[in-house]
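The values are calculated or read from the model by the stated rules, or taken from the named source; none is laboratory data. Keep in mind the model is a prediction, meaning the values are calculated, not measured. All Cβ positions, even for glycine, are placed from backbone atoms using ideal geometry, and neighbour counts span all protein chains on display.
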Amino acid sequence: MISLHGTVEVGSFSRGLSIDVGSEIVGMFGANGSGKTSVLRTIAGLCPLGEGELEIDGVTVDAPAKHLFVQPELRNIGMVFQDHSLFPFMTAVDNAAFPLQMRGMKRVAARKLAAEMLEQFGVANVALQMAPTLSGGQSQRVAIVRALIGSPSAVLLDEPLSAIDEESRESVRNQIREHLVRLGVSAIVVSHDRAELDHLCTRIENYTR
Amino acid sequence: MVVLPIFVAAVATPVHAERIEAKKTTVTVSAAASLVNVYTEIGKQFEKANPSIKVRFNFASSSSLVSQIQSGAPTDVFAAADLTSFDKLLATGNVVKSPKVFARNSMQLVVKPGNPLGITTVADLSKSSVISLCAKTVPCGIYAATVLSRYGVVIAESKITRGVDATATLNAVSTGDADAAIVYATDALSAKKSVATISIPAGKNVKAMYGIGVVRGSKNSKQAESFIAFVLSPAGQKVLIAFGFLAP
Amino acid sequence: MNSVSSRTPRFVRIGALLGVVFLALPVVGLLKRVAWSTLCRQLTDVATRDALRISLYASVCATVLALVLGLPLAWCLARMQFSGRRFVRALVLLPMVLPPVVGGVALLGAYGKSNGLLGGLLNSLFGIQLTYSLWGVIIAEAFVALPFLVLSLEGGLRSIDVKYEESAAVMGATDITRFMRVTLPLLKPSLVAGLMLAWARALGEFGATITFAGNIQGRTQTAPLAVYTMLESNPEGAYALSFLLVAVSVGLLVGLRDRWIGGSS
């Protein structure tokens, strides 16, 4: 459950926004630079709200009027960043295992789970490669695994399929949807590709300026 | 474009000035560190008395100067805090005549102003935590060792900080944290209020003989001799006494 | 493939050659002075062994001290906004531009037993004396080495993209975990380069050490001090030790390679 009613800081100005997401995959469609990433960053806790309130799973995590702000590390969110942001000094499997280790799982068990999930997304063959050596499509899949693996309360995806090649898009999309449905969490997908959102999401919000 | 003429003028001026001064000869005097104050004064008076001669000094420990001269450093006069330095140079042929003794010095004990540790004689030095002495192989260090042995005092090496010359040794007490130092009486005098002095009785003290001589290969031997003569003259001796040296 | 910028004019090549000769000649000259036959005996001489032991121990401790103080400093300079920033930066760079002996005199003014601001207090309350002790050597060396470490670390911290720390935070990493598992690995090249430079500087320190910690053989006489002292009494030993120090420095620089000039080889 994600509930945001307030203003989001986009660059130097604020943008009013009202969004409620239940157990569904909501797509946010808008051109590049319209501030969609800022919305995701605000929900994740990387930027504060200008005004208003943000609730995740019924818990208020951001309310400027009440001086309430919960740090991102406590919000249990899975996020796929636009440029993947995989740690360059780790292998693919260690990158994928990181969220599990942060929730307390031991390294060996975490790596095992991560390897399994990497296989599901078709990148088991590069599991032991260092992150900078992966191709765009490979690193994006690892980023997706990393976002979904920790049983998050909410999942935020910023252009999650942009680097995936045409043929594989459908299967990756299906994988993502399957995982999200299984987790039963709220998810927001941001993209400038309308067709993509149509295929992946249950509902689409227009976020054009 | 403007820079070039200014640059040329700047370079040309000292050359022009040097041509006027070319009538002056420069005498280089390598002298022991303990002579820094007294020789600077003597140098001034000598230049006044001899307007055609300029004196340039090079101060360092006597042993260091011996090495310099043996490596061929160009100098006209050598003034050392002992005669052994001259023996070394005689052996290597860097001086040809025996040196003239121009002054004597003795050692003194210096402590922090107010004498916080209540040191009265050299024997009390075992009370202190760190004392400052000159390096073992320079004259000042050898003299200090002699004084200590005459008192039968042995101080562990781990409590001795070694200064490379007399000045540095004294500074350890005046500026630093050393409790005491054994330095030349003349250095103690120059330090004035920054240290308190305790005299060492003549019976246990040393007589440091300061020697001076012309260095072989000097290109200004006439002027060098003239400087030496001034040091030995009543005028030069007066300055030496004023700074605390004893007559030869 | 002969682009304009890669053609080197002849006068530039000659200038560079002169530069190489200028730097290489002293090293060659030193090597010529070493008495190879007695090298081992000189290096195992008591005074030399003491000096090496003290130098090694003190320089490593000084580097650690510089790290303990320098990392927080670098962090604040790189990531915090605060008034008086320029002053702090100038203070950090001060030991680099100060003549080492002046640094030593300043250290006396702060930590000297007799009338040091803090030193006097330490002595009267706890009987602690920092001067003329191994701690004095460590303090003097850390004082001059600190700027090198801070500069390197600050540069490294500034160049790290925050996006990695952000994604780590979203994944549940708290402050310390983020620092240990993400920031430090990203900082590794700057950290290593900074530590090596700081260590080299600490190892070679002379002026501040001799003024603050004194020249006590077996206790505070570091290798550079020993070379200086031995020049008169035992020149052969001085050259032998100098050769060893040059060898260590060269080894360090080879180890660093291109990392500290920020290029790739």
Scanning the range A:47-99 residue by residue, those more than 9 Å from chain C (Cβ to nearest Cβ) and either of a type in the set (D, E, K, R) or without any contact (Cβ under 8 Å) to a residue 12 or more places away in the chain (or both) turn out to be A:Glu51, A:Glu53, A:Glu55, A:Asp57, A:Val59, A:Thr60, A:Asp62, A:Lys66, A:His67, A:Leu68, A:Asp94
- Query: Within the range A:187-208, is there a residue that is farther than 30 Å from A:Val10 by Cα, under 17 Å from the mean Cα position of the chain (by Cα) and surrounded by 16 or more Cβ atoms within 10 Å (Cβ to Cβ)?
  - Reply: no
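B:Ser149: under 19 Å from B:Asn105 (Cα atoms), more than 19 Å from the chain's Cα centre (by Cα) and of a type outside the set (Asp, Glu), yes or no?
Working: under 19 Å from B:Asn105 (Cα atoms): yes; more than 19 Å from the chain's Cα centre (by Cα): yes; of a type outside the set (Asp, Glu): yes.
Spelling it out, B:Ser149 is indeed under 19 Å from B:Asn105 (Cα atoms), more than 19 Å from the chain's Cα centre (by Cα) and of a type outside the set (Asp, Glu).
State yes or no: is C:Leu153 within 27 Å of C:Val97 (Cα to Cα) and not polar (S, T, N, Q)?
On the way: within 27 Å of C:Val97 (Cα to Cα): yes; not polar (S, T, N, Q): yes.
Considered against the rule, which asks whether it is within 27 Å of C:Val97 (Cα to Cα) and not polar (S, T, N, Q), C:Leu153 comes out as yes.
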Inside the range C:148-178, the number of residues satisfying the requirement of being over 25 Å from the mean Cα position of the chain (by Cα) and within 20 Å of C:Gln81 (Cα to Cα) is 6
What about B:Ser126, is it small (Gly, Ala, Ser) and in a helix (DSSP H, G or I)? yes
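Scan the range B:79-105 for residues that are within 19 Å of B:Ala144 (Cβ to Cβ) and surrounded by fewer than 23 Cβ atoms within 10 Å (Cβ to Cβ) and report the count.
Within the range B:79-105, residues that are within 19 Å of B:Ala144 (Cβ to Cβ) and surrounded by fewer than 23 Cβ atoms within 10 Å (Cβ to Cβ) number 4.
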Over the range C:229-253, the set of residues within 14 Å of chain B (Cβ to nearest Cβ) and assigned to a helix (DSSP H, G or I) is C:Thr229, C:Met230, C:Leu231, C:Glu232, C:Ser233, C:Pro235, C:Glu236, C:Gly237, C:Ala238, C:Tyr239
Here, helices (runs of 4 or more DSSP H) confined to the range C:60-136 with at least 1 residues that are buried (at least 20 other Cβ atoms within 10 Å of the Cβ) and more than 16 Å from the chain's Cα centre (by Cα) are C:100-111, C:119-126
Within the range B:169-194, residues at pLDDT below 90 and in a loop (DSSP other than H, G, I, E, B) come out as B:Thr175, B:Gly176, B:Asp177
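Tell me, which residue of the range A:67-109 that is among the basic types (Lys, Arg) and farther than 18 Å from C:Lys163 by Cβ is surrounded by the most Cβ atoms within 10 Å (Cβ to Cβ)?
First pass over the range A:67-109, keeping only residues among the basic types (Lys, Arg): A:75, A:103, A:106-107.
Filter again for farther than 18 Å from C:Lys163 by Cβ, leaving A:103, A:106-107.
On the way: A:Arg103: 14, A:Lys106: 10, A:Arg107: 11.
The qualifying residue surrounded by the most Cβ atoms within 10 Å (Cβ to Cβ) is A:Arg103.
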When the range B:143-176 is checked residue by residue, the ones that are closer than 21 Å to B:Leu35 by Cβ, more than 11 Å from every other protein chain (Cβ to nearest Cβ) and crowded, with 17+ Cβ neighbours inside 10 Å are B:Tyr143, B:Ala144, B:Val147, B:Ala166, B:Thr167, B:Leu170
Taking the range C:199-228 and keeping residues facing chain B (nearest Cβ under 9 Å) and out of contact with any Ser or Thr (no Cβ under 9 Å at 6 or more places or on another chain) leaves C:Tyr228
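Would you confirm, using the coordinates I've provided, whether A:Leu148 is crowded, with 19+ Cβ neighbours inside 10 Å, within 14 Å of another protein chain (Cβ to nearest Cβ) and touching a helix residue (DSSP H, G or I) at 6+ places or on another chain (Cβ under 7 Å)?
Working: crowded, with 19+ Cβ neighbours inside 10 Å: yes; within 14 Å of another protein chain (Cβ to nearest Cβ): yes; touching a helix residue (DSSP H, G or I) at 6+ places or on another chain (Cβ under 7 Å): yes.
Yes; evaluated as a whole, the condition is true for this residue.
Answer yes or no as to whether B:Ala235 is more than 14 Å from chain C (Cβ to nearest Cβ) and in contact with a strand residue (DSSP E or B) (Cβ under 8 Å, 6 or more places away or on another chain).
Details: more than 14 Å from chain C (Cβ to nearest Cβ): yes; in contact with a strand residue (DSSP E or B) (Cβ under 8 Å, 6 or more places away or on another chain): no.
In short, no.
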Per the filter on the range A:1-23, residues over 19 Å from A:Arg75 (Cβ atoms) and not polar (S, T, N, Q) are A:Val10, A:Gly11, A:Phe13, A:Arg15, A:Gly16
